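Here's the structure, in structure tokens; my notes come after.
The values are calculated or read from the model by the stated rules, or taken from the named source; none is laboratory data. This structure is a prediction, so every number in the text was calculated from the model and none was measured. Methodologically, a virtual Cβ is constructed for each residue, glycine included, from the backbone with ideal geometry; neighbour enumeration extends over all protein chains shown.
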Amino acid sequence: MTARPNLPDPADVRRTILKILFEGQASHLGTSMSMVEILIAAYGACDVGAIRRGENGRDRVFVSKGHGAACTYSVMHHFGLLDAATIATYHKNGSVLAGHVSHAVAGVEHSTGALGHGLPVAVGAAIGLRSKGFDDALVFCVMGDGEIQEGAVWEALMLAHHQKLNRLIPIVDNNRISSIKATKEVINLEPLVDRFRGFGFAVHDIDGHDLAALTNAIATIRAGDKPSVIVANTTKGKGVPFAENQPIWHYRSLNKETYDQAVAALKGGVS
């Protein structure tokens with residue numbers, strides 16, 4: 001299986017992220033840019049119409065790394081889940097679109113940003129869906145590699161494996177930077193793939209900016225019968241050369257000069 005041709009162009013999503021971050025004078029550029037392809041692939045595997053209608057048996061996308069709100073809302077916009085007028089209010093006074101993901105926004109499953117809580121809720125959703133007969137519903141949970149230092153993540157993984165939740169798809173945005181420091185300097189999680197395997201999960205260790213690879217991994221998990229995890233190896237700040245792998249761009253906001261530089265880089269092709 002290859003990436004669906006009707007998926008949003010990652011460069012277009014990144015342009016939207018830049019625009020709303022600049023106009024809203026918001027931070028978290030680095031973490032938003034690293035997860036673009038991950039979220040495109042996740043929503044691309046879902047029945048977006050059922051999400052829009054709020055159907056009980058809908059597929060669900062939990063963004064546990066809630067500081068990636070600009071990316072989350074931009075991807076939702078490109079999938080028709082947020083209109084242009086709403087996305088334009090990002091991070092502005094009175095807007096429902098705050099700097100961390102919030103379920104006050106229609107189509108968002110859970111408020112996150114206090115890290116480590118998204119996966120436990122996603123596990124509960126997967127159990128609930130199965131108990132109600134919605135056996136084919138997918139439940140995605142996107143986590144940061146720094147976030148998985150939280151113990152609640154591993155407790156949730158143990159339960160997911162015990163319950164054989166093979167429609168739950170945790171995806172780790174493995175950009176190797178926790179906030180403003182290298183993840184390995186906070187807690188070294190390597191060998192990360194072996195850790196997940198030790199908890200009984202099949203692991204897809206892939207390039208997190210390769211949309212086809214992400215789509216294929218999701219399709220393989222969907223067709224299988226084993227709890228699985230995707231480790232998506234990414235670059236923090238992807239597509240913005242001066243921000244790539246630069247921890248300070250977790251917090252720094254764009255000014256007119258850096259915004260113009262970033263937009264120009266994307267017009268030249270995402271690196």
message = Among the numbered criteria (1) within 19 Å of Cys46 (Cβ to Cβ); (2) free of Cβ contacts under 8 Å to residues at least 24 places away in the same chain, which one does Glu257 miss?
response = (1)
task = Would you be able to tell me the number of residues in the stretch 14-72 that are in a helix (DSSP H, G or I), in contact with a Leu (Cβ under 7 Å, 6 or more places away or on another chain) and over 18 Å from Tyr90 (Cα atoms)?
result = 9
task = Please enumerate the residues belonging to the stretch 174-186 that are surrounded by 15 or more Cβ atoms within 10 Å (Cβ to Cβ) and of a type outside the set (Lys, Arg).
result = Asn174, Asn175, Ile177, Ser178, Ser179, Thr183
query = Residue check: is Gly80 surrounded by fewer than 21 Cβ atoms within 10 Å (Cβ to Cβ), within 20 Å of Leu138 (Cα to Cα) and either modelled with pLDDT under 95 or of a type outside the set (D, E, K, R) (or both)?
reply = yes
message = Quick test of your reading of the structure: Leu189 fulfils all but one of (1) surrounded by 15 or more Cβ atoms within 10 Å (Cβ to Cβ); (2) within 19 Å of the chain's Cα centre (by Cα); (3) more than 30 Å from Gln261 (Cβ to Cβ). Name the failing condition by number.
response = (2)
ask   = Can we say Val63 is surrounded by 24 or more Cβ atoms within 10 Å (Cβ to Cβ), over 18 Å from Gly239 (Cα atoms) and touching a Gly at 6+ places or on another chain (Cβ under 8 Å)?
value = yes
message = Pairs please, first residue from the stretch 41-55 and basic (Lys, Arg), second anywhere and loosely packed, with under 15 Cβ neighbours inside 10 Å, Cβ atoms under 9 Å, 6+ apart in sequence or on different chains.
response = Arg52/Gly80; Arg52/Ala106
inquiry  = For the condition closer than 18 Å to Cys141 by Cα and either modelled with pLDDT of 95 or more or among the aliphatic types (A, V, I, L, M) (or both), what is the one hit in Val270, Val229?
reply    = Val229
inquiry  = Need the failing condition index for Met35 against (1) closer than 18 Å to Leu168 by Cα; (2) crowded, with 24+ Cβ neighbours inside 10 Å; (3) touching an Asp or Glu at 6+ places or on another chain (Cβ under 6 Å), just the number.
reply    = (1)
Restricting the stretch 74-108 to residues that are outside any loop (DSSP other than H, G, I, E, B) and free of Cβ contacts under 8 Å to residues at least 24 places away in the same chain, the residue that is nearest to Ala11 (Cα to Cα) = Ala84
task = Determine whether Glu150 is surrounded by fewer than 18 Cβ atoms within 10 Å (Cβ to Cβ), more than 14 Å from Val231 (Cα to Cα) and acidic (Asp, Glu).
result = no
request  = Quick one: count up the residues across the stretch 158-173 that are in contact (Cβ under 8 Å) with a residue 60 or more places away in the chain and surrounded by 24 or more Cβ atoms within 10 Å (Cβ to Cβ).
outcome  = 6
key: Subset of the stretch 159-183 [at pLDDT 95 or above and basic (Lys, Arg)]   = Lys164, Arg167, Arg176
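Please go through the stretch 109-124 and pick out each residue that is part of a helix (DSSP H, G or I), of a type in the set (Gly, Ala, Ser) and buried (at least 19 other Cβ atoms within 10 Å of the Cβ).
From the stretch 109-124, those part of a helix (DSSP H, G or I) are 118-124; that's our starting set.
Okay, now just the ones that are also of a type in the set (Gly, Ala, Ser), so 118, 122, 124.
Scanning the stretch 109-124 gives Gly118, Ala122.
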